[in-house]
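**Q** One structure is given below, represented as structure tokens, and several questions about it will come after.
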Amino acid sequence: MSTTVRIESLGHKGEGVAIVDGKRIFVPFVLPGELVTIEIEGERARLLSILEPSPQRIEPICRHFGTCGGCQLQHLDRESYVAFKRRLVEQPLRQAGIEAPIERFVIAHGEGRRRATLHARRDQAGYMQLRSHDLLDLDACPILVPALGRAPDLARAIGAAIGPCDIGFTATMTGMDVTVRSSQRRVKEAGLIPLGNRFGVARLAYNGEMLFQAQAPMVKMGPAQVELPIGSFLQATAEAETVLGDYVLTAVGKARKVADLFCGIGPFALRLAANATVLAADSDRAGIAALDKAARHARGLKAITAKARDLFRDPLTRFELDFDAVVLDPPRAGAEAQVREIAASRLSHVVMVACDPRSFARDAAQLVQAGFMLDQLLVVDQFAWSSHVEMAATFRR
């Protein structure tokens with residue numbers, strides 16, 4: 001049964017919020033103030049029609065918007081879009097008792113996302129449709145870099161060869177890095193290797209094991225080149241990595257001894273080492289090995305000590321934190337255990353990069369309670385038209 005409602009606001013996932021019989025109902029692809037007709041399904045609803053559109057509404061850039069489950073906000077004008085992303089960071093901080101103005105907001109979409117995961121079936125490949133297990137067969141995706149333009153075609157060819165699977169694509173300096181994951185433990189390699197040659201793939205891996213490599217997939221990080229390990233983390237856009245790298249360098253300033261914790265494959269460590277000795281730590285052993293190799297082959301860098309260490313279970317203790325500055329770039333869960341040790345140490349200078357506003361606010365509050373002041377809050381939008389955002393801040397005491 002259809003219901004007509006007025007949209008009150010946007011929730012933190014980019015869905016419209018309507019109040020029906022005192023309950024919050026979440027409606028995708030609508031904007032505050034719009035009068036819409038919906039079909040309610042539990043606490044969510046399906047949009048049937050827009051009776052009164054918002055003046056903030058614009059034409060989406062992709063014809064799949066509204067069906068595809070990828071983007072949430074292509075229908076929102078730029079000014080309102082920026083305001084929404086700023087609120088994603090400001091509200092959790094305010095709820096944690098921190099009033100910190102955003103000093104800079106950077107849209108870092110660049111040429112597009114250099115990483116994507118597509119789902120494949122025997123005859124289709126693309127993203128899942130919104131709130132569905134149905135696949136949207138994709139011809140092209142406007143948020144990807146041009147170098148991934150053939151990714152949907154390659155995904156379809158892989159699906160046709162081996163059946164249902166998920167395929168990760170990364171654009172590198174030497175070509176596409178392709179990682180296939182499937183519930184099938186083994187496949188006939190002969191069916192995949194010709195596809196690597198046909199599509200000019202740099203490397204093709206299956207369930208974490210390399211099947212084909214024409215060239216090592218390389219990415220540039222500051223003055224170094226890193227050979228990308230299979231499945232390792234990489235910032236979504238190259239522009240965002242540069243913006244965040246520049247921020248970290250400036251925020252660390254003249255520090256001569258720096259720890260880069262949750263360092264990944266070294267986007268910050270390899271830049272910091274131009275001016276400082278660096279301890280780089282992360283639980284990703286393959287990433288640490290790649291960082292160590294890149295550091296040894298780069299010119300003009302000071303010493304980088306790269307160590308594999310689980311900083312969730314085994315954070316650097318307050319007695320080990322003998323550094324001029326510490327850089328933190330944790331995953332979505334944040335760095336609660338490590339921040340606890342920092343708070344109890346004599347360390348006075350922390351630079352934190354984060355991808356989840358809620359865990360960032362939690363960790364920031366712990367530092368503030370320990371006497372740190374939050375400053376130079378930066379918000380970086382690299383996930384175009386999504387409800388995700390990146391942030392960075394400097395803490396001193």
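**Q** Note down the relative contact order for the chain as a percent, whole number, built from C-alpha pairs under 8 angstrom at least six residues apart.
**A** Relative contact order, the chain: 13 percent.
**Q** Using R₀ = 41 Å, calculate the FRET efficiency as 1/(1 + (r/R₀)^6) where r is the Cβ-Cβ separation of Arg63 and Glu336; round to 0.05.
**A** 0.45
**Q** Work out the charge dipole of the chain with +1 on the Cβ of Lys and Arg and -1 on the Cβ of Asp and Glu about the Cα centre, then indicate which of Ala325, Leu378, Ala251 is farthest towards its positive end.
**A** Checked the options; the winner is Ala325.
**Q** Set the Förster distance to 30 Å, then compute FRET efficiency between Arg346 and Thr250 from the Cβ-Cβ distance, nearest 0.05.
**A** Efficiency at R0 = 30 Å is approximately 0.80.
**Q** Rank Leu138, Phe84, Ala161 by how far each Cα sits towards the positive end of the charge dipole of segment 82-174 (+1 on Lys, Arg Cβ; -1 on Asp, Glu Cβ) and give me just the farthest.
**A** My answer, from the dipole projection, is Phe84.
**Q** Can you tell me, using C-alpha contacts under 8 Å and at least 6 residues apart, the relative contact order of segment 87-237 as a whole percent?
**A** Once normalised by length, the contact order is 20 percent.
**Q** Spin-label point model (7 Å from Cα, Cβ direction): what's the His109 to Gln184 distance in nm?
**A** About 3.7 nm, to one decimal.
**Q** Now for a different question. Please build a GNM for the chain, connecting alpha carbons under 10 Å apart, and tell me which residue among Met218, Met373, Met210 fluctuates the most.
**A** Top of the fluctuation ranking is Met210.
**Q** Hey, another quick one. Residues of segment 262-287 with amide nitrogen under 20 Å from the 7 Å Cα-to-Cβ point of Met173?
**A** 264-275, 287
**Q** Give the shape of segment 239-397 as rounded, prolate or oblate, defined through the alpha-carbon gyration tensor: a ≥ b ≥ c are the square roots of its eigenvalues, a/c under 1.5 means rounded, and otherwise the shape is prolate if a/b is larger than b/c and oblate if not.
**A** It is rounded, given that a/c, with a ≥ b ≥ c, falls under 1.5.
**Q** Need the full-extension length gain, Arg86 to Arg296, defined as separation in residues times 0.36 nm minus the C-alpha distance. One decimal, nm.
**A** Using 0.36 nm per residue and subtracting the Cα-Cα distance, I get 71.6 nm.
**Q** Multiply the residue separation of Ser2 and Glu320 by 0.36 nm, subtract the distance between their alpha-carbon atoms, and state the gained length in nm to one decimal.
**A** 108.3 nm
**Q** Within the accessible area of the chain, what % is carbon and sulfur when the probe is 1.4 Å and the other protein chains stay in place?
**A** That fraction is 48 percent.
**Q** Please give the solvent-accessible surface of Ser132 in Å², to the nearest 10, using a probe radius of 1.4 Å with every protein chain present.
**A** 40 Å²
**Q** Also, I was wondering about something else. Please work out the Kirkwood hydrodynamic radius for segment 1-158, using every pair of different C-alpha atoms, and report it in angstroms with one decimal place.
**A** About 17.6 Å for segment 1-158.
**Q** Let me ask something else. Heavy-atom accessible area per residue, the chain, 1.4 Å probe: how many Å²?
**A** For the chain, the per-residue accessible area is 46 Å².
**Q** Can you put Tyr81, Tyr127 in order of accessible area, largest first, using a 1.4 Å probe?
**A** Tyr127, Tyr81
**Q** Peptides 89-97, 54-62: what's the order by average Cβ count within 10 Å, highest mean first?
**A** 89-97, 54-62
**Q** Below 8 Å, C-alpha to C-alpha, sequence gap of six or more: please give me the relative contact order for segment 222-304 in percent.
**A** After rounding, I find 37 percent.
**Q** Can I ask one more? Taking Lys220 as the anchor, which lysines have their alpha carbon closer than 29 Å to its alpha carbon, excluding any fewer than eight residues away along the same chain?
**A** Lys85, Lys254, Lys257, Lys293, Lys302, Lys307
**Q** So, by mean Cβ neighbours within 10 angstrom, what's the order for 139-145, 355-361, 45-51 with the highest one leading?
**A** Highest to lowest by the protection proxy: 355-361, 139-145, 45-51.
**Q** Run the 1.4 Å probe and let me know the accessible area of His119, rounded to the nearest 10 Å².
**A** Here the accessible area works out near 50 Å².
The values are calculated or read from the model by the stated rules, or taken from the named source; none is laboratory data. All values derive from a computational prediction rather than experimental measurement. Please note: Cβ atoms are built from the backbone with ideal geometry, for glycine as well, and neighbour counts cover all protein chains shown. What goes into the accessible areas is simple: the full protein's heavy atoms, side chains included, and nothing from ligands, DNA or RNA. Shrake-Rupley method; radii C 1.70, N 1.55, O 1.52, S 1.80 Å.
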